[in-house]
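Colleague: I have a structure I would like to understand better, so I am pasting it below and will then ask my questions one at a time.
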Amino acid sequence: MTLFLSGDVMTGRGVDQILPRPGSPQLREQVVTDARRYVELVESVSGPIPRPVPPGWPWGDALRLLDEQRPDVRIVNLETAVTGRGDFAPGKAIHYRMRPDNLTCLTAARIDVCALANNHVLDFGPDGLADTVDGLRRAGITPVGAGRDEAEAWRPARVDLGGGRRLVLWSVGMPSAGVLPHWAATRRRAGVAYLPEASDECADALAARIDRQTQPGDLVMVSVHWGSNWGYDVPAAQVRFAHRLVQAGVRLVHGHSSHHPRPIEAYRDGLILYGAGDLVDDYEGIGGQESYRPWLRLLHLPTFDRTGLVRLRLIPVRIRRMRLQPAAPAEARWLAALLDRLGRPSRTGFDLDADGLIILRRA
């Protein structure tokens, strides 16, 4: 069974403004107060964008590339509230929302599951969160990691894989990625599945919860929003947290929050993505972090059997005009070399094959 995974998919702000049914462009950022300004910034460096674009525009060539690889389940971290209601969450510098009419942007990519335990799903309060969860369900997409109360937020997504097997997926968020403590769902409050830290205690508590709600043969995955936006270093606590989950039977730890890829580790029978990087956003034209080449992105395609990880293929892509396209050969080589260097401490290597895919090589 093969999964498609991505890091942050941010379909609000400038992306929402180019889609067929844009919502209000109003922002409450310190510098930019109109989301259409982000479209202008993109166009200033990448060229004109026709408006409106078709719903599948942000995915661009990724739609064809994914169809060629035929993943069984498609999972993204959706870092945008899907709503036209709600007030701007106080105390936040950045807010993301997409008009519900533009959910066709996600269905165009045939997304199956959206992880929601992140630092933007409550940007427009409980009403915005309710609209997001309900809208995704109506679109045939399973939300996970957030809800109207604690029970809904912590309820895992279950995907039938056939043959009596299931994918069982939890989504959790941590304060290291900007998830606010008062966004934690309770019995009486809407919110996210919140973990206060990447500690041994939190890992063991999550593992115990997983053990109570899974059965033999399940493929278990944890999607975790953690860590800073920039930098390649992974805190030792995050490594221990991920290792403890794999030791407890989790086969995939899907980390995200960083705006670029972080180390990938093949550990025992599992796979750990410490930071999957961005995929869809309106960041072109925003300078200051060019050394990370944040315009380069990855489509992650791990394959598992009943015993664990079988292989990992990564498709290098880049964003231009808010649309994904294949990375140039030199860009693919740079990404492969970067991942290979970052993977050396964990004895996880990578090669670029003749088809331009980055392939996991275990030491």
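The values are calculated or read from the model by the stated rules, or taken from the named source; none is laboratory data. Small disclaimer: the values here were computed from a predicted structure and weren't measured. Here Cβ is always computed from backbone atoms with ideal geometry, including for glycine, and neighbour counts include all displayed protein chains. These accessible areas exclude ligands, DNA and RNA; they are computed on the full protein's heavy atoms, side chains included. Shrake-Rupley method; radii C 1.70, N 1.55, O 1.52, S 1.80 Å.
Colleague: Would you kindly derive the ³J(HN,Hα) couplings of segment 214-220 from the backbone phi angles with the Karplus curve 6.51 cos²θ - 1.76 cosθ + 1.60 (θ = phi - 60°), listing them in order in whole Hz, with x for Gly and Pro?
Modeller: Result, ordered by residue: 10, 9, x, x, 5, 8, 9 Hz.
Colleague: What number in nm² do you get for segment 138-178 if you take the convex hull of its Cα atoms and divide its surface by four?
Modeller: On the way: hull surface 16.8 nm².
The directionally averaged projection comes out at 4.2 nm².
Colleague: Is the shape of segment 157-278 best called rounded, prolate or oblate, per the rule: a/c under 1.5 gives rounded, else a/b larger than b/c gives prolate, else oblate, with a ≥ b ≥ c the square roots of the Cα gyration tensor eigenvalues?
Modeller: oblate
Colleague: Separate question: Hey, what D do you get for segment 74-140 in µm²/s if you plug the Kirkwood alpha-carbon radius into Stokes-Einstein at 25 °C and 0.890 mPa s?
Modeller: Values: Rh = 11.9 Å.
D = 207 µm²/s.
Colleague: For segment 263-334, compute Rh as the Kirkwood radius over C-alpha pairs and then the Stokes-Einstein diffusion coefficient at 37 °C and 0.692 mPa s; write the answer in µm²/s, rounded to an integer. Could the numbers behind the result be given before it?
Modeller: Values: Rh = 13.8 Å.
For the chosen part, D equals 238 µm²/s.
Colleague: At a 1.4 Å probe, what is the % contribution of carbon and sulfur to the accessible area of segment 100-249? Mind dumping the intermediate values first?
Modeller: Numbers: 2820 of 5960 Å².
Whole-percent figure for carbon plus sulfur exposure: 47.
Colleague: Further, regarding this structure: Give me the 1.4 Å probe accessible area per residue for the chain, excluding ligands and nucleic acids, in Å².
Modeller: Working: 14380 Å² over 363 residues.
About 40 Å² of surface per residue is accessible.
Colleague: With Kirkwood's inverse mean 1/r over C-alpha pairs for Rh, give me the Rg to Rh ratio of the chain, two decimals please. Mind showing how you got there, number by number?
Modeller: Working: Rg = 18.9 Å, Rh = 20.2 Å.
Radius of gyration over Kirkwood radius for the chain works out to 0.94.
Colleague: Going 7 Å from the Cα of Asp269 in the Cα-to-Cβ direction, what parts of segment 309-330 have a backbone nitrogen less than 12 Å from that spot?
Modeller: Output list for this probe position: 309-310.
Colleague: Suppose a student asked you for the relative contact order of segment 248-363, using Cα pairs under 8 Å spaced at least 6 residues apart; what percent would you report?
Modeller: It comes to 21 percent, rounded to a whole number.
Colleague: Could you grab the Rg to Rh ratio for segment 99-191? Cα atoms only, Kirkwood for Rh.
Modeller: Working: Rg = 13.5 Å, Rh = 13.7 Å.
We get a ratio of 0.98 for segment 99-191.
Colleague: OK, next. Name the long-range amide H neighbours of Leu324: under 5 Å, sequence gap of 5 or more, or other chain; modelled H, no Pro or chain starts.
Modeller: Distant-sequence amide H within range of Leu324: Trp59, Gly60, Asp61, Ala62.
Colleague: Could I ask something else about it? Find out how many positive minus negative residues lie around Arg333, taking Lys and Arg as positive, Asp and Glu as negative, among other residues whose Cβ is under 14 Å from that of Arg333.
Modeller: -2
Colleague: Give me the Å³ per residue figure for the convex hull around the C-alpha atoms of segment 250-298.
Modeller: 73 Å³
Colleague: Looking only at His256, His95, His182, which one moves most when the chain is put into a Gaussian network model with springs between Cα atoms under 10 Å?
Modeller: In the Gaussian network model the winner is His182.
Colleague: Once the convex hull of the alpha carbons of segment 1-57 is built, what does its volume come to per residue, in cubic angstrom? Intermediate results must be reported in sequence, preceding the final value.
Modeller: Numbers: hull volume 7.0 nm³, N = 57.
Given the Cα convex hull of segment 1-57, per-residue volume reads 123 Å³.
Colleague: Per the Kirkwood definition applied to all pairs of different Cα atoms, how many angstroms is the hydrodynamic radius of segment 1-148? Mind showing how you got there, number by number?
Modeller: Numbers: mean 1/r = 0.0638 Å⁻¹.
When all Cα pairs of segment 1-148 are included, the Kirkwood radius is 15.7 Å.
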